[in-house]
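Notes follow once the structure below has been shown.
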Amino acid sequence: MERIASFCVDHNKLTPGIYLSRIDGDIVTYDIRMRTPNRPPFLENAAMHTIEHLFATFARNSRWKDQVIYFGPMGCRTGFYFLLRNVSHEDAIVLIQEIFRQIAAYEGTVPGTTAAECGNYLEHDLAGAKREAEAFLPVISGWKPENLQYAT
């Protein structure tokens, strides 16, 4: 079997940031890496789940809502994948920065957290999600398209 592209990235060299994971036609997958791989602490499940709900909601209500394909967590609990169609790298970075600012400042009920809306509706941590977003913002501040390449 062929190794998939994400397993070909040297995770020993990865640091937190935003990376270009792959391009499939007009769909771009961004690797939003919030933690250094293989170095605890990893993202806590409840905070990660809340980031997923908030980020997806904000992205799908943004000016780019029709270009959003997917936002979801990495199983290794070090970050998320964000898939967009027909959005420049510059605009994608700005959108990611804006959404993490929104998460850091969010007050209120987390969207989609009823039993009818979510398969694990009790496992959320808004305070933890806000802390994670606030800690990640300085990492991605000033991020530019030239920073999207993985370290080699």
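Every number in this text was worked out from the coordinates using simple rules, so none of it is lab data. For clarity, every value in this text was computed on a predicted model and none was experimentally measured. We place every Cβ from the backbone using ideal geometry, glycine too, and count neighbours over all the protein chains shown.
Summary table
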{"quantity": "Members of the range 137-152 that are surrounded by fewer than 17 Cβ atoms within 10 Å (Cβ to Cβ) and not in a loop (DSSP other than H, G, I, E, B)", "calculated": "Leu137, Pro138, Val139, Pro145, Glu146, Asn147"}
{"quantity": "Enumeration of residues in the range 1-59 that are within 17 Å of Lys130 (Cα to Cα), of a type in the set (Phe, Trp, Tyr) and more than 11 Å from the chain's Cα centre (by Cα)", "calculated": "Phe42, Phe58"}
{"quantity": "Residue list for the range 65-85, restricted to those being crowded, with 18+ Cβ neighbours inside 10 Å, outside any strand (DSSP E or B) and over 12 Å from the mean Cα position of the chain (by Cα)", "calculated": "Gln67"}
{"quantity": "Output for the range 111-130, where each listed residue is under 17 Å from Pro73 (Cα atoms) and of a type in the set (A, V, I, L, M, F, W, C)", "calculated": "Cys118, Leu126, Ala129"}
{"quantity": "Matching entry among Asp24, Asp31 (being in contact with a Ser or Thr (Cβ under 8 Å, 6 or more places away or on another chain) and of a type outside the set (Phe, Trp, Tyr))", "calculated": "Asp31"}
{"quantity": "Of all residues making up the range 86-108, the number that are assigned to a helix (DSSP H, G or I) and either touching a Ser or Thr at 6+ places or on another chain (Cβ under 9 Å) or over 15 Å from Ser62 (Cα atoms) (or both)", "calculated": "9"}
{"quantity": "From the options Val110, Val94, residue that is more than 23 Å from Ser6 (Cα to Cα), of a type in the set (A, V, I, L, M) and surrounded by fewer than 17 Cβ atoms within 10 Å (Cβ to Cβ)", "calculated": "Val94"}
{"quantity": "Hits in the range 10-51 (condition: surrounded by 15 or more Cβ atoms within 10 Å (Cβ to Cβ), among the basic types (Lys, Arg) and not in a strand (DSSP E or B))", "calculated": "Arg35"}
{"quantity": "Residue satisfying all of: in the range 113-136; touching a helix residue (DSSP H, G or I) at 6+ places or on another chain (Cβ under 6 Å) and surrounded by fewer than 17 Cβ atoms within 10 Å (Cβ to Cβ); nearest to Asp31 (Cα to Cα) among these", "calculated": "Glu134"}
{"quantity": "Flag for Phe58 being more than 15 Å from Thr29 (Cα to Cα), touching a residue at least 60 places away in the same chain (Cβ under 8 Å) and surrounded by 18 or more Cβ atoms within 10 Å (Cβ to Cβ)", "calculated": "no"}
{"quantity": "Filter result for the condition that a residue is within 23 Å of Asn12 (Cα to Cα) and free of Cβ contacts under 8 Å to residues at least 60 places away in the same chain, over Pro111, Pro73", "calculated": "Pro73"}
